[in-house]
Structure formats: structure tokens, C-alpha cells
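The values are calculated or read from the model by the stated rules, or taken from the named source; none is laboratory data. Since the model is a prediction, treat every value here as computed from it, not as a measurement. Methodologically, a virtual Cβ is constructed for each residue, glycine included, from the backbone with ideal geometry; neighbour enumeration extends over all protein chains shown. Note: areas computed on protein heavy atoms with side chains; ligands, DNA, RNA excluded. Shrake-Rupley method; radii C 1.70, N 1.55, O 1.52, S 1.80 Å.
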Amino acid sequence: MPFNALDQLTSDETVNPMMYNWNRVYIKYCDGASYSGNAQYRYQDNIAQLTSDIHMKGFPILTAVKNSLVQKGFKNASAVLIGGCSAGGLAVLMHIDWWRQGLSASAHVVGFADSAYFLDHESPLTQFVTKMKSVFALHNISGAGVHRECHRRYRSTDLDVGEGGEEWKCMFARYLLPLIRTPVFIVQSKYDSYQKHMILNETIHDIVNQYAQTLTSQLISFVNTTTTTSNTPTLSTTSNHNNNNVITTPPQHGLFLDACARHCGLSSRIRIGRVTGMDAFIHWYHNHHTTTTTTPIVVHQDAPFPCPHCCGKDFPRKILLEEVSGLSEEEEMHQLHTHTHRTSS
């Protein structure tokens, strides 16, 4: 993704008011396994009579970057945000506790994961889970960049200790999140456009809504479970898609769950009520940093698919039109105009 695609990386103070003047490091995505692999294979092309080595070195590369930063004073940082989107967001979840190691105990370290909550849903056409299992094995992730506590839980053959033989689960947020000790803020679309096409492989509204309901229930259940130390707050639901559901909870993780069919970035443009993803993150960050009894907000937009006006009037029009299925171009334009008018009124 482009350097400034994640709003937390931009130097524009109007978009990124809290971190526009922070030191920034951009780690390019290069390995196809969320910076987690460490494998090497010999490839032989019998036709061309060529032999070459294939290197899958995502985690050694990430380790080299961290070591370089430590030499430049990274271990003395007072505040650190590890952020990413899509596969980069999954990398945040897989490695945030690893990044925390070696930093000062007083350092405020948090993660920001955008569009990283991929469901472990197996469609006969896309076979996403099967592919992720193959990636985990091919890249030797169990021997490299796997989240260690997650690996211990799912590698054991003793069912009283772990579930055994299911280390691949450590590439899915559903299984990682309950084990992450470093605070993480999650920004996620319940109708993630990548997942809709590449995992679910469906555009039928009822099926998309059912998939989104599973994603929503998992995320909200996780945040409630991990952030609440006394009575678990209940989620008040509403059929009015212009409203938002807000839960105030004791600390740890935070969530902004919107109904815009998007994937990655634009957290400063998407609004639930008057709150953007960036607003929610900053609120959560400051509360988590300045108090010991934090009450980060969890914001959830309750709206059925499709909901083009959930993206807001500033969202790229081309993307909106692609997400309004089953209509002619003229009807799509009319519906978009109508929703935009209602949103701004």
C-alpha cells in the first residue's frame, strides 16, 4: 500500500492531528506471509535448465529492521504505534507483542490493525482457509514469526493443554486476539470488500449480511470479553443505520466497526454518527495512556448491506458504485445521490 494510505502515517496535521510529527518508519510488504516466514527452497526448471533458490524471509527481514531501529534509539522511545492494513494489519496482530519486547516498561506501546480481521471461512470456490494453511506450512511460520503463545496453544498434541496440530490458526485474528497482551485498536468494515469477493465470493445481500453478522459477533464478543473486568456491558442494537452503538469498557483493546464496504485506509473519512475511525482511535489512545481506569470506546455501525451512504460523502464515488449491486448505472447514481443528500442533511 502507498506510504500515506494509512492515515496514521501521514504528516498532514488535519488528517493525523496526534501523530503528524512523530518519527515514522515504513516497512514495505515483501513476503506474502505478513512478515512471518523463514524458508528457502531450491527450484529447478527442467525446460529452461535453470536452478535457483527461492527465499521466503519475512521474519528475518522484520528482525533486521527492528535491530536497525534499536541501533538508532528505538528502545528509548516513549510512545510507539505499530500499524498496518490488510496483511500488514494481520502482521500487527501477529507481532505486536514481539515489538513490545526490549522496549522500556514505561513506553506506551499500542497496535493499530485496519481491515485485518479475516474470517476463517472456507468457500468451495475460494478455499481461503486451505490457502492460509498452505502459506503457514510453505513459509515455515511455526519455526519463525508465529505468535509464541498462540503457537503453544495450538501445536500441542495433549488436548488438555492445547488443540494440537492447528498452528495455522495463528494466522487468523479470531485466534490471535485473545492471546495478545499489548493493547490493539481495530478498525474494520463488517462488509470488507476484499473478504466479500476473495473469501466469501458472494454478492447476494442475505449471504453477505449473514457473513457480516458472524464477523461482528466475533469481534464484539472478543472486545467485551477482554476489556471487561466486572459486568460485561450489553450491546444495544438499533435498526436505525444513522445511529451508532457505543460501549464504554475498562481497558485493553478498542474497536471501530463500520458498515462501509471498503478495505484498508480512510479511517479519517469514515464516520459513525459524528465519530471517525481516527477520532475513536485518538480517544482510546489518550484514555489508555493517561489513566489507569481507561474507558476506550467501541463504536459499531448497525446497518444492513449494501449501505453506500455509510461510507460518507467524501468516500471515492467509484468504490461506492462498485458496492451497490443489482442496479443499473443510472439507478446506482440516483441511489448514491439520494443517500448522499440524506447524509448531509
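Details
- Of all residues in segment 14-53 being at positive phi and surrounded by 11 or more Cβ atoms within 10 Å (Cβ to Cβ), the one that is modelled with the lowest pLDDT: Gly32
- Pair list, Cβ under 9 Å, 6 or more apart: segment 145-164 residue of a type in the set (Ser, Thr, Tyr), other residue modelled with pLDDT of 90 or more: Tyr154/Glu166; Tyr154/Glu167; Tyr154/Trp168; Tyr154/Lys169; Tyr154/Cys170; Tyr154/Tyr175
- Considering only residues in segment 186-206 that are among the polar types (S, T, N, Q) and part of a strand (DSSP E or B), the one that is surrounded by the most Cβ atoms within 10 Å (Cβ to Cβ) turns out to be Ser189.
- For Ser78, the test of being open to solvent by 60 Å² or more (accessible area, probe 1.4 Å) and among the hydroxyl-bearing types (Ser, Thr, Tyr) is passed.
- Selection status of Tyr117, surrounded by 24 or more Cβ atoms within 10 Å (Cβ to Cβ) and touching a Lys or Arg at 6+ places or on another chain (Cβ under 8 Å): yes
- Matching residues in segment 246-263 - criterion: being touching a strand residue (DSSP E or B) at 6+ places or on another chain (Cβ under 6 Å), open to solvent by less than 40 Å² (accessible area, probe 1.4 Å) and at pLDDT below 90: Ile247, His253
- Hey, Val146 within 30 Å of Lys75 (Cα to Cα) and in a loop (DSSP other than H, G, I, E, B) or not: yes
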